[in-house]
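Only one structure is covered here, and it is reproduced in the block below.
The values are calculated or read from the model by the stated rules, or taken from the named source; none is laboratory data. As the structure is a computational prediction, the values presented were derived from the model and not from experiment. Glycine also receives a Cβ, built like all others from the backbone with ideal geometry; neighbour counts cover every protein chain displayed. Accessible surface areas use protein heavy atoms only, side chains included; no ligands, DNA or RNA. Shrake-Rupley method; radii C 1.70, N 1.55, O 1.52, S 1.80 Å.
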Amino acid sequence: MIKYLTRRLLFMLLSLLLIITATFFFMRLAPGNPFTSEKQLPAAIEANLNEHYGLNDPWYVQYGEYLLRIVQWDFGPSFKYKSQTVNDLINEGFPVSLVLGLEAILIALAVGVTLGIFAALKHNKWQDYLAMIIAVFGISVPSFIMAALLQYVFAIKLGWLPVARWGTFAQSILPAVALAAGPTAFIARLTRSSMLEVLSNDYIKTAKAKGLGQFVITVKHTIRNAILPVVSYMGPLSAGIVTGSFVIEKIFGIPGLGSHFVKSIGNRDYTVIMGVTVFYSIILLASVLLVDILYGLIDPRIKLAGGKKGE
């Protein structure tokens, strides 16, 4: 376990360095600069700003200073938000995105796994077809269409829930459902296909021949093996959701991390773009590592040290 974690941490650091490097140079190659706007600044003022933020330094000096700041967990100042740093924006927006993301993940897991199990147990029956129609609908409809549809039906027509804004549990329901729609459908299809594969194994047939009930077979023998593909999918999904859905947060007026990222692109706020990208990458890499560890806990036949299943 220690050797595996050490090797994975080194791999994560190397991946993070490549991401930081690529993001840094892509931002430098982008046209314009953080102070480019419709209203042209006087040349003297723009020169002073470039000097103040170190933009006149050679690229290798800026790159080295940026790496040093990241090691110190300092993503630098924002070019557009006065008196605020990128860390301030992350500390302000991430807790909102985290709450919304966790709510969406719980919905996606609960509904998706339940639909998938139900469809597999009722294979080739109307219940199976209905569950898969719901899943196809969830995958096919874009999140912004789903968000607008939920707002129209449950907020405008029925008046059950608020249209937008953030602050209460009621205001979080519609954006969480809209954010969870696609993952729910994908998890349902993953669970169904995995359940069908497990149910066709010999040990399941032996358990049925011994007279075990369907509930015991499903809970004790089937779900544990069928859930592995879902666990694998949850790693990158969790990172994407908890760091903020840009579209959903914009539609519902949620002050999360995604809204800051969208605004930073329009404002050419390079430090915010790079900071949020690096922050997202750290969460993504940590999520993938956590998934690999969960694999070994769920199925002891999978060895973290690199052995194959069953060795």
>> Quick check on this structure: which one of Thr243, Thr218 is buried (at least 17 other Cβ atoms within 10 Å of the Cβ), at pLDDT below 80, β-branched (Val, Ile, Thr) and more than 30 Å from Glu197 (Cβ to Cβ)?
In response: Thr243
> Out of all the residues in segment 144-184, which are at pLDDT below 85 and in contact with a Phe, Trp or Tyr (Cβ under 6 Å, 6 or more places away or on another chain)?
Replying inline: Ala164
> If a residue has to be open to solvent by less than 70 Å² (accessible area, probe 1.4 Å), assigned to a helix (DSSP H, G or I) and not aliphatic (A, V, I, L, M) to count, how many in segment 127-152 make the cut?
Replying inline: 5
> Out of all the residues in segment 216-223, is one or more closer than 30 Å to Val141 by Cα and either in a helix (DSSP H, G or I) or not polar (S, T, N, Q) (or both)?
Replying inline: yes
>> Can you go through Ala180, Ala155, Ala170, Ala176 and tell me which one is open to solvent by less than 70 Å² (accessible area, probe 1.4 Å), assigned to a helix (DSSP H, G or I) and within 15 Å of Val96 (Cβ to Cβ)?
In response: Ala176
> Listed residues Ile223, Ile204, Ile227; which is in contact (Cβ under 8 Å) with a residue 12 or more places away in the chain, within 12 Å of Ile117 (Cβ to Cβ) and surrounded by fewer than 19 Cβ atoms within 10 Å (Cβ to Cβ)?
Replying inline: Ile223
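Name the single residue that is most open to solvent (accessible area, probe 1.4 Å) among those in segment 74-113 being within 17 Å of Phe24 (Cβ to Cβ) and of a type outside the set (Asp, Glu).
Our first condition is that a residue be within 17 Å of Phe24 (Cβ to Cβ); within segment 74-113, this holds for 74-79, 86.
Remaining after also requiring of a type outside the set (Asp, Glu): 75-79, 86.
On the way: Phe75: 2, Gly76: 3, Pro77: 53, Ser78: 5, Phe79: 30, Val86: 1 Å².
Here the residue is Pro77.
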